[in-house]
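Structure first, commentary second.
The values are calculated or read from the model by the stated rules, or taken from the named source; none is laboratory data. Model, not experiment: these values are computed from the prediction. Here the Cβ positions follow ideal geometry from the backbone for every residue, glycine too, while neighbour counts run over all protein chains shown.
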Amino acid sequence: MTIRPVSDLRNKFPEIEEVVLNTGEPVFLTKNGYGSMVVMSLEQYSALTDGLEYRLDEADRAASLSDTRYSGEEVFGRVRKCIYRHNGSPPDSIQQTES
């Protein structure tokens, strides 16, 4: 993992670009010692988002065929349940806030 100060983006862009393109790994940039942003190649970005875009398109198609609508609370509640089933029980702080 490569971590660099955000000032390197301006001062040493060719070095950052070389790392990103040659290793296929993102470069994490910090500002005042805290994470600020991530630089990655278009290929990396596409690999992260293409599946999501496809699923969102599927959801749009399904929604157009149904009159059923869910609130944000219902959607995120279902997502949390799926995550908890996959990863185990939620942290105590989350368990206490759910009804």
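Hey, any hits in the stretch 42-52 for a residue that's at pLDDT 90 or above and in a loop (DSSP other than H, G, I, E, B)?
No.
Any chance you could count how many residues in the stretch 23-33 are in a strand (DSSP E or B) and either hydrophobic (A, V, I, L, M, F, W, C) or over 10 Å from VAL6 (Cα atoms) (or both)?
Total satisfying the criteria: 3.
For LEU9, are the conditions met, namely being aliphatic (A, V, I, L, M) and either surrounded by fewer than 12 Cβ atoms within 10 Å (Cβ to Cβ) or touching a Lys or Arg at 6+ places or on another chain (Cβ under 9 Å) (or both)? Talk me through it step by step, then tell me what you get.
Working: aliphatic (A, V, I, L, M): yes; either surrounded by fewer than 12 Cβ atoms within 10 Å (Cβ to Cβ) or touching a Lys or Arg at 6+ places or on another chain (Cβ under 9 Å) (or both): no.
Spelling it out, it is not the case that LEU9 is aliphatic (A, V, I, L, M) and either surrounded by fewer than 12 Cβ atoms within 10 Å (Cβ to Cβ) or touching a Lys or Arg at 6+ places or on another chain (Cβ under 9 Å) (or both).
Output yes when any residue across the stretch 59-75 is of a type in the set (Ser, Thr, Tyr), at pLDDT 90 or above and surrounded by 11 or more Cβ atoms within 10 Å (Cβ to Cβ), and no when none is.
Among the residues of the stretch 59-75, not one is of a type in the set (Ser, Thr, Tyr), at pLDDT 90 or above and surrounded by 11 or more Cβ atoms within 10 Å (Cβ to Cβ), which makes the answer no.
With the checklist (1) at pLDDT below 90; (2) of a type in the set (Lys, Arg); (3) closer than 30 Å to THR2 by Cα in hand, flag the one item ARG78 doesn't pass.
Unmet for ARG78, out of (1) at pLDDT below 90; (2) of a type in the set (Lys, Arg); (3) closer than 30 Å to THR2 by Cα: (3).
Does GLY33 satisfy the criteria of being within 20 Å of the chain's Cα centre (by Cα), exposed (fewer than 10 other Cβ atoms within 10 Å of the Cβ) and small (Gly, Ala, Ser)?
No.
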